[in-house]
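Just so it is clear, none of the values below were taken in a lab; they were calculated from the coordinates. Because the structure is a prediction, the values reported are computed rather than measured. Note that each Cβ is placed from the backbone with ideal geometry, even for glycine, and that neighbours are counted across all protein chains shown.
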Amino acid sequence: MISVNDVVRMLGECGFLAEDAAPDEEFVLDSMTLVWLVHLLQEEHGITVRPDDEEDLASCASAAELHRLLTRTTAKEVVHDA
């Protein structure tokens, strides 16, 4: 399962957020960061984000919110590629 620290780290790898940022630090995802984040989710955690779910990810305003969405959707197997 993906942790909130994993989400912060991946956003740091994207160059979007400092890797030591607080999970509740607010931001607005840009399109390039979203594309790279979707790639990292697939490569590192086996989570496939469907095109119609990308808007939900883009609307998240913090790493903690992204984590909650990913946890909720993977638990329902809406986004997770089993």
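For the stretch 6-24, does any single residue satisfy the condition of being under 21 Å from ARG72 (Cβ atoms), without any contact (Cβ under 8 Å) to a residue 40 or more places away in the chain and touching a strand residue (DSSP E or B) at 6+ places or on another chain (Cβ under 8 Å)?
The answer is no; no qualifying residue exists.
Select from the stretch 18-65 the residues that are among the polar types (S, T, N, Q), surrounded by 16 or more Cβ atoms within 10 Å (Cβ to Cβ) and assigned to a helix (DSSP H, G or I) and list them in ascending order.
Hit for the stretch 18-65 is THR33, nothing else.
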